[in-house]
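The values are calculated or read from the model by the stated rules, or taken from the named source; none is laboratory data. For clarity, every value in this text was computed on a predicted model and none was experimentally measured. Reconstructed Cβ throughout: ideal geometry from the backbone, glycine too, with neighbour counts over all protein chains shown. Quick note on the areas: whole protein, heavy atoms, side chains included, nothing else; ligands and nucleic acids left out. Shrake-Rupley method; radii C 1.70, N 1.55, O 1.52, S 1.80 Å.
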There are 2 protein chains.
Amino acid sequence: METRRLFLQKASLSAMALAVPALTPLSAMTNSMNTPAKDSKTLRVAIMGLGSYGTRVAEAIQDCERVKLVGVISGTPSKIEDWKSNYNIPAKNCYNYDNFDAIKDNPDIDAVYVITPNALHKDQVIRVAKAGKHAICEKPMATSAEDGQAMVDACKAAGVHLLIGYRMHFEPNTLEVIRMRKDGELGDVRFFQGLCGFEIGNPNQWRMDRALSGGGAMMDIGIYAINGARYMIGDEPIWVTAQEVKTNPEKFKEGLDETITFQLGFPNGVIASCLSTYNMNNLDRFFLNGSKGWVEMQPSTGYGPIKGQTHKGPLNEPIVTHQTVQMDEMAAIIFDGKNPEVPVNGEEGVKDMKIIDAIFRAVETGGKVPLNLG
Amino acid sequence: METRRLFLQKASLSAMALAVPALTPLSAMTNSMNTPAKDSKTLRVAIMGLGSYGTRVAEAIQDCERVKLVGVISGTPSKIEDWKSNYNIPAKNCYNYDNFDAIKDNPDIDAVYVITPNALHKDQVIRVAKAGKHAICEKPMATSAEDGQAMVDACKAAGVHLLIGYRMHFEPNTLEVIRMRKDGELGDVRFFQGLCGFEIGNPNQWRMDRALSGGGAMMDIGIYAINGARYMIGDEPIWVTAQEVKTNPEKFKEGLDETITFQLGFPNGVIASCLSTYNMNNLDRFFLNGSKGWVEMQPSTGYGPIKGQTHKGPLNEPIVTHQTVQMDEMAAIIFDGKNPEVPVNGEEGVKDMKIIDAIFRAVETGGKVPLNLG
């Protein structure tokens with residue numbers, strides 16, 4: 001936790017800081033004075049980007065115990081009006097893309113959840129950080145590891161959290177698989193397979209615009225296989241190979257990947273074999289194989305319910321709304337310094353971006369690209 | 001059917017040939033004179049190599065309608081004695097590896113099923129062909145495409161059939177999937193995944209001796225994923241990439257592959273992603289994905305019962321003993337000129353060998369190896 005250490009160094013200079021949770025920016029600190037116990041403290045969130053996923057998050061927040069949707073940032077005035085009435089958001093907490101830096105003077109907002117096209121994340125998150133607000137950023141966190149690192153650095157410098165929207169890191173069945181693996185129930189993990197994709201519809205959406213998306217299926221859905229390989233195997237890959245096929249070059253223009261198979265090599269000969277595609281349905285399949293047991297999940301990363309089989313029988317953990325749990329857990333990370341089972345911080349996001357960069361390079365070169373994720 | 005054409009050319013020179021089924025060697029022709037109808041004709045088989053799989057085939061033949069186990073070829077006299085009594089085999093039909101060329105003078109044997117270590121197949125099949133007997137050869141047919149082609153050429157020159165022991169080509173659930181695909185029920189096929197392997201035990205078996213096996217897991221179990229990709233997709237791959245990992249170099253010495261992931265590119269952007277391993281259990285999984293439907297088989301190539309799910313529901317074709325059906329169908333291929341749904345001839349075997357050669361080359365070079373299977 002670089003950011004935590006950084007804050008603690010700063011905090012040691014301030015007697016006041018000792019009285020408040022680590023890494024809470026000033027605006028929230030003010031508020032924290034009014035709340036009785038730290039574990040009941042509410043994370044007051046503004047959503048930036050009021051599209052379909054933004055709406056899904058807004059709905060999920062309604063069921064949160066510790067998170068409240070209090071603000072919006074949007075370039076579309078009519079959407080702001082809708083959200084004001086739908087979610088009872090005061091006018092003073094509504095911003096557009098020109099004026100949202102002023103959020104730094106708004107003590108009623110603790111964090112901004114950036115749910116905009118990928119290529120915009122970097123500048124937006126950096127502006128959020130400069131406004132002294134925690135940043136929650138949808139994945140992929142950026143369109144390159146370099147941009148991702150710049151976001152991490154900016155948030156660190158501002159003393160705010162940067163959390164990536166890895167909802168699966170809090171999903172109960174996923175966590176049960178991770179527990180099984182950690183407790184040795186699978187023996188030595190040897191192979192992971194992640195088949196992630198769907199047939200994308202409307203070619204005019206921003207995801208099909210390279211300038212906004214930074215890529216095709218890989219940025220959108222392939223990242224689930226990458227991230228899944230890491231949390232299912234519980235290690236970091238040391239090399240990657242990748243192969244691209246494109247059946248529809250008219251729809252999937254230069255720089256927009258349609259279908260990529262890729263392999264991630266991990267220490268001790270563990271291997272992950274993955275598929276990322278915008279040209280197939282019936283996917284969303286994880287398979288983890290160890291020397292003593294196995295786990296199969298299908299669906300594995302969809303919005304739910306997640307279902308799975310293991311050598312011991314079916315996965316039967318509670319079915320939850322992923323984004324509700326994610327947001328409550330993020331409140332605990334921000335206010336209580338909670339360490340989640342699988343990290344969701346900016347550094348975690350940069351690792352996925354480094355792998356995506358390497359996959360694209362492996363497609364180009366046709367060879368094995370080494371990885372060093374530290 | 002090159003061999004058939006070749007025979008017909010030869011047959012046209014002989015009035016007698018018109019009265020007998022195509023491609024029946026002289027010894028069987030003699031016998032055919034005594035049988036009332038061609039579809040009741042029995043294929044009289046000698047098994048070469050009396051190991052565990054040879055025994056499995058012998059047992060399966062007991063339930064055949066058109067195949068009879070009538071002879072053995074073995075280097076172990078005690079095994080010959082056991083088989084003579086177990087299967088009621090006359091002494092005159094028993095051979096060893098030195099004298100089995102004399103089988104050419106034995107009119108009571110139509111075919112020899114070669115079930116010996118891979119590296120021995122080539123010379124043995126060529127000797128069988130030269131003895132004028134049909135050759136059935138266990139897969140992999142050889143340890144290289146070059147050797148496989150030499151076997152095809154020898155059998156063609158001798159006017160005998162060469163059939164490879166592709167038992168899955170006759171398995172009812174597999175054939176139902178092929179029917180679904182051909183009838184368009186899956187739409188356009190886009191992706192195949194074959195995960196084939198098991199944790200191999202005794203390191204002293206011939207399969208772990210490169211000189212006899214020609215390779216490790218790929219020759220033994222990886223070939224099922226290769227062959228499966230071809231019959232499930234219904235096309236021939238045009239390129240291959242492959243990645244090898246070895247967790248136990250002491251057990252898996254130079255030239256013995258432990259774990260290889262490989263990808264086969266097919267025309268129209270169809271891709272197969274496969275795993276071949278001697279280091280994992282819980283595999284034997286096929287997945288075929290199309291634009292309109294999907295099929296999942298598990299187990300997909302084990303001795304049975306084969307089980308599967310499709311977008312329409314479970315596969316419910318009859319459970320059969322694969323080798324029994326295979327042998328009866330091979331009798332029909334040999335005596336009736338039947339064309340099986342998926343070929344099992346030597347040319348089919350050579351295609352798999354060319355792919356295996358290319359996989360090993362792709363592992364070495366780290367790049368994409370083009371394939372031209374014609």
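Principal-axis analysis of the Cα atoms of chain A puts helix A:118-130 at an angle of about 30° to the longest axis. Evaluating kT/(6 pi eta Rh) at 20 °C and 1.002 mPa s, with the Kirkwood radius of the protein assembly as shown over Cα pairs in the Stokes-Einstein relation, gives 74 µm² s⁻¹.
The A:SER52 and B:ASP63 beta-carbon pair, evaluated with R₀ = 51 Å, returns a calculated FRET efficiency of approximately 0.30. In order along segment B:149-154, phi translates into HN-Hα couplings of 5, 4, 5, 4, 4, 5 Hz, rounded to whole numbers, per the Karplus curve 6.51 cos²θ - 1.76 cosθ + 1.60 with θ = phi - 60° and x for Gly and Pro. Once all protein chains are placed together, B:LYS122 keeps about 60 Å² accessible to a 1.4 angstrom probe.
Once the Cβ-Cβ distance of A:LYS253 and B:SER291 is raised to the sixth power relative to R0 = 22 Å, the FRET efficiency obtained is 0.55.
Starting from the residue with the highest accessible area, list B:LYS368, A:LYS130 in decreasing order, probe 1.4 Å.
Working: B:LYS368 105, A:LYS130 160 Å².
So the residues, ranked largest to smallest area, are A:LYS130, B:LYS368.
Measuring from label point to label point, each 7 Å out along Cα→Cβ, what is the A:ASN202 to A:SER85 span in nm? Those two pseudo-labels are separated by 2.2 nm. Largest to smallest in accessible area, the residues B:LYS92, B:LYS156, B:LYS41 fall in the order B:LYS92, B:LYS156, B:LYS41 (1.4 Å probe, all protein chains included). Helical runs assigned H by DSSP (4 residues or longer) give chain B a calculated mean residue ellipticity at 222 nm of -10500 deg cm²/dmol, each run adding -39500 (n - 2.57) before division by the residue total.
Probe radius 1.4 Å, ligands and nucleic acids ignored: give me the carbon and sulfur share of the accessible area of chain B as a rounded percent.
Details: 7100 of 14330 Å².
The C+S portion of the solvent-accessible surface of chain B is 50 percent.
Dipole of chain A (Lys/Arg Cβ +1, Asp/Glu Cβ -1, origin at the Cα centre): which of A:ASN93, A:VAL177, A:LEU275 lies farthest to the positive side? Value computed over the given set: A:ASN93. Accessible area ranking (1.4 Å probe, heavy atoms, ligands and nucleic acids excluded), largest first, for B:GLU59, A:GLU296: B:GLU59, A:GLU296. Could you tell me whether segment A:284-374 comes out rounded, prolate or oblate from its Cα gyration tensor? Rule is a ≥ b ≥ c as square roots of the eigenvalues, rounded for a/c under 1.5, then prolate if a/b exceeds b/c, otherwise oblate. The shape class here is oblate. Rolling a 1.4 Å probe over the heavy atoms of the protein chains gives chain B an accessible area of 38 Å² per residue. Structure note, pairs A:LYS139/A:LYS182; B:LYS307/B:LYS351; A:LYS368/B:LYS368: Cα-Cα distances above 19 angstrom occur for A:LYS139/A:LYS182; B:LYS307/B:LYS351. Pairs spanning more than 25 Å between alpha-carbon atoms, out of A:LYS68/A:LYS354; A:LYS41/A:LYS130; A:LYS68/A:LYS338: A:LYS68/A:LYS354.
The long axis of helix A:172-182 is offset from the longest Cα principal axis of chain A by roughly 60 degrees.
Per-residue 3J(HN,Hα) values for segment A:352-357, derived from phi via the Karplus relation 6.51 cos²θ - 1.76 cosθ + 1.60 with θ = phi - 60°, read 4, 5, 4, 5, 4, 3 Hz in sequence order (x marks Gly and Pro).
Bridging of B:LYS122 to aspartates and glutamates at a Cα separation below 12 Å is possible for B:GLU138, B:GLU146, B:ASP147, B:ASP153, once same-chain residues fewer than 8 apart are set aside. Inter-copy label distances for B:LYS182: 5.3 nm (label point placed 7 Å from Cα along Cα→Cβ; shortest first).
Accessible surface buried at the B:A interface totals approximately 2700 Å², computed with a 1.4 Å probe on protein heavy atoms. Most simply put, the protein assembly as shown has about 55% antiparallel DSSP beta bridges, counting only bridges with both residues inside it. Classified by the C-alpha gyration tensor, segment B:270-324 has an oblate form. Its axis ratio a/c, with a ≥ b ≥ c, is 1.5 or above, and a/b does not exceed b/c.
What size of dipole, in debye to the nearest 20, comes out for the protein assembly as shown about its Cα centre when the only charges are +1 on Lys and Arg C-beta atoms and -1 on Asp and Glu C-beta atoms?
Numbers: 78 positive and 88 negative charges, 8 e Å.
Here the protein assembly as shown has a charge dipole of around 40 debye.
Shape call for segment B:126-241 from the C-alpha gyration tensor, a ≥ b ≥ c root eigenvalues: rounded (a/c under 1.5), prolate (a/b greater than b/c) or oblate? Oblate, because a/c is 1.5 or more while a/b does not exceed b/c.
How large is the charge dipole for segment B:225-269, taken about the Cα centre, if only the Cβ atoms of Lys, Arg (+1) and Asp, Glu (-1) carry charge, to the nearest 20 debye? Please report the intermediate quantities before stating the final value.
Details: 4 positive and 7 negative charges, 14 e Å.
It comes to approximately 60 debye.
Annotation: aspartates and glutamates with alpha-carbon distance below 18 angstrom to B:LYS92 (same-chain offsets under eight excluded): B:GLU81, B:ASP82, B:ASP101, B:ASP105, B:ASP108, B:ASP110. The spacing between segment B:316-332 and segment B:252-278, judged by their C-alpha centroids, is 28 Å. Against the main long axis of the alpha-carbon atoms of chain B, helix B:2-11 sits at an angle near 20°.
Between B:GLY216, B:GLY165, B:GLY293, find the one with the highest GNM mean-square fluctuation for chain B; connect C-alpha pairs within less than 10 Å. Highest fluctuation of the listed residues: B:GLY293. For segment A:139-291, a crude dipole built from +1 on the beta carbon of Lys and Arg and -1 on the beta carbon of Asp and Glu, taken about the Cα centre, is about 160 debye to the nearest 20. Mean-square fluctuations from a GNM of chain B, with a 10 angstrom spring cutoff on Cα atoms, peak among B:VAL57, B:VAL245, B:VAL342 at B:VAL245. For label points placed 7 Å from Cα toward Cβ, what is the shortest-first list of nm distances from A:ASN204 to its copies? In ascending order, 7.3 nm. With springs only between Cα atoms under 10 Å apart, run a GNM on chain A and tell me which of A:SER144, A:SER291, A:SER273 wobbles the most. Checking each option, the largest mean-square fluctuation is seen for A:SER291.
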